[in-house]
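Values in this text are rule-based calculations from the coordinates and carry no lab data. All values reported here derive from a predicted model rather than from experimental measurement. Virtual Cβ from ideal backbone geometry, glycine too; neighbours counted across all protein chains shown.
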Amino acid sequence: MNIREVDPNDFLTFSKEKPPHSIIEQSLIEMGGNGNRGIEYKTEVLRAAGWNHGKLTSYGTHSKKAADAFNKIREALSNTSDPKEVLEQVAH
């Protein structure tokens with residue numbers, strides 16, 4: 001996957017370009033099987049990558065922590081498209 005690095009400012013600014021964290025989230029939802037299963041998978045991967053806030057907490061509230069988590073996931077996605085491997089890589 002060719003996704004640019006997530007910057008903490010991506011959560012705080014608006015752009016015509018789709019932000020990289022949105023692309024990563026969509027990829028995770030698809031890998032998890034879409035629907036509720038996909039959202040649960042995305043949540044599990046984000047938690048494993050270090051995002052330990054609830055779903056009501058915006059990424060912009062803790063933009064540095066969110067960027068770190070998404071970049072960890074981005075790195076894993078550049079190595080594999082297997083859902084189990086992505087989860088294993090971000091957990092380490």
Exercise for the section: For an R0 of 41 angstrom, estimate the FRET efficiency from the Cβ-Cβ distance between Glu88 and Arg4 and round to the nearest 0.05. Expected result: 0.95
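Go ahead and estimate [θ] at 222 nm for the chain from helices alone: -39,500 (n - 2.57) per DSSP H run with n ≥ 4, summed, over the residue count, rounded to 500. Spell out each step's value before the answer.
Working: 4 runs with 52 residues, N = 92.
Computed mean residue ellipticity for the chain: -18000 deg cm²/dmol.
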Practice task
Give me the distance in nm between label points sitting 7 Å out from Cα along the Cα-to-Cβ direction at Ser58 and Ser15, one decimal.
Solution key: 1.8 nm
Handout entry: Tail fraction, Cα-Cα pairs, the chain, threshold 20 Å, whole percent
Key = 28 percent
Handout entry: Anchor Lys42: lysines whose Cα lies under 17 Å away (excluding residues fewer than 8 positions away in-chain)
Key = Lys55, Lys65, Lys72, Lys84
